[in-house]
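These notes concern the structure reproduced below.
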Amino acid sequence: MLTQGNLASNAAAMVESQEIGHSDRCLSFLPLSHAFERIAHLTFLAAGGSIFYAENVNSIVANLAEVRPTIVVCVPRVFEKVRSRMLENMLSASWLQKNVFFWALRIGKKLRKAGKGCGLGLKTEALVADVLVFSKVRRRFGGKMRYFVSGGAPLISEVGEFFEVLGFEILEGYGLTESSPVIASNRPGKARLGTVGVPLPGVEVRLAGDGEILTRGPHVMRGYYNRPDLTEEVLHDGWLSTGDIGAFDEKGFLKIVDRKKEILVMSNGKNIAPQPIENALKKSKYISMAMVVGDGKNYLTALLVPNVDPLLRYARKKGMAKKSLSELLKDEGIRGLFREEIDRHTAQFARFEKVKDFALLAEEFTQERNELTPTLKFKRQNIIGAYSDSIERLYPEATRVRG
């Protein structure tokens, strides 16, 4: 149960912390029924800004040019798709366009790494890269963008860095419906990639002994309607137990580790957070979606959804152009490619966190099949149920799959 006071406090805190004013314009395309988009709506009303609604998902690019927003609220999956599509378009562009684009990316990364201490030569190259490439990309987004707001799930660091190089700022935030919903967010001009920022004004945050994030303040719900039993489980002396595991960095910025209930408890007693592994796997240009499985098992496996365009291009280079997607996913050479990608992108993880086997899926997880939430997070148990046969084949000695 969220009161008017809950929502009003959260909207006011967002207006203050995100520096939103009456001249700001927001393009909205997430479901208004979701708390994340709802508070964005209320925040712009409180600030006196303008809100525009995309006609549909396929019209977003055209609507960006038409509306010329200063702020856009997104979920990480949208950023991932935009980046993937942009890179794919450049790989299939002319030799000159392709080489200029990737040269500009390299210069942008060097500039970002060097920071304020970069020399005149790098500054000059960065200026040329911006004129030739990055300024044109920003114009495609309307040319007035102050920043993106990302929430609903963790943003992969490489994706955030890509947009920063293009000249966009992404402010990652964190919250849940029970907290109206925003608890913490990065601030304009002060964002730390890989974190969800600092608590909003008036919001208290602390960590429990097991790392669970607790929050208290005017944003916390009164309870679950007609469910005092559930309310008692999460509310204690005004503190809301979020169910998320987090940590503060050396500058006091909050980092999300994973959902407490999604921690995989292995048969050997090891507790593993799947999201960091999944995000590492998605760094591969060949992997669009990745869900790690292994609760109650003695090793990890993964359900992988290929990024089709790069995969087909690879298949053409290997003389497999005539094979269908379903045939490619069964091909030992293709499976070898994915094995190499898994090993390369998870090299930094401990031995018990490595993915031993995997299944390649021909279709992405969707909301229509009740596999994703409105903010495109996994409904893990639904996915496990839908692909139980595939998962069972990954554990030939098991008789029952718990997760």
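What follows is calculated from the coordinates using simple rules that are stated; it is not laboratory data. Being a predicted model, the structure only gives us computed values, none of them experimental. All Cβ positions, even for glycine, are placed from backbone atoms using ideal geometry, and neighbour counts span all protein chains on display.
Would you call residue 245 out of contact with any Leu (no Cβ under 7 Å at 6 or more places or on another chain) and among the hydrophobic types (A, V, I, L, M, F, W, C)?
It is true that residue 245 is out of contact with any Leu (no Cβ under 7 Å at 6 or more places or on another chain) and among the hydrophobic types (A, V, I, L, M, F, W, C).
Quick one: which of 93, 126, 104 is out of contact with any Lys or Arg (no Cβ under 7 Å at 6 or more places or on another chain), under 22 Å from residue 64 (Cβ atoms) and surrounded by 16 or more Cβ atoms within 10 Å (Cβ to Cβ)?
Going through 93, 126, 104 in turn, the sole match is 104.
Take the residues in region 72-90 that are out of contact with any Leu (no Cβ under 6 Å at 6 or more places or on another chain) and among the hydrophobic types (A, V, I, L, M, F, W, C), then tell me which one is surrounded by the most Cβ atoms within 10 Å (Cβ to Cβ).
73
Give the number of residues within region 1-25 that are surrounded by fewer than 18 Cβ atoms within 10 Å (Cβ to Cβ) and acidic (Asp, Glu).
Result for region 1-25: 2.
Pull up region 357-375, narrow it to residues that are under 21 Å from residue 263 (Cβ atoms) and in contact with a Gly (Cβ under 9 Å, 6 or more places away or on another chain), then point me to the one that is surrounded by the fewest Cβ atoms within 10 Å (Cβ to Cβ).
Filtering first and then ranking leaves 373.
Can you name the residue in region 53-71 that is surrounded by 12 or more Cβ atoms within 10 Å (Cβ to Cβ) and hydrophobic (A, V, I, L, M, F, W, C) and, of all such residues, is nearest to residue 18 (Cα to Cα)?
The residue in question is 71.
Only residues in region 107-130 that are free of Cβ contacts under 8 Å to residues at least 12 places away in the same chain count as the first member; pair them with residues that are surrounded by 14 or more Cβ atoms within 10 Å (Cβ to Cβ), Cβ under 6 angstrom, at least 6 apart or cross-chain, and list the lot.
118/111
Grab the helices (runs of 4 or more DSSP H) fully contained in region 71-164, keeping just those with 2 or more residues being touching a helix residue (DSSP H, G or I) at 6+ places or on another chain (Cβ under 7 Å) and hydrophobic (A, V, I, L, M, F, W, C).
The qualifying helices (runs of 4 or more DSSP H) are 76-91, 95-114, 120-129.
Across region 26-52, which residue is surrounded by the fewest Cβ atoms within 10 Å (Cβ to Cβ) among those that are in a strand (DSSP E or B) and under 21 Å from the mean Cα position of the chain (by Cα)?
So, considering only residues that are in a strand (DSSP E or B) and under 21 Å from the mean Cα position of the chain (by Cα), the one surrounded by the fewest Cβ atoms within 10 Å (Cβ to Cβ) is 28.
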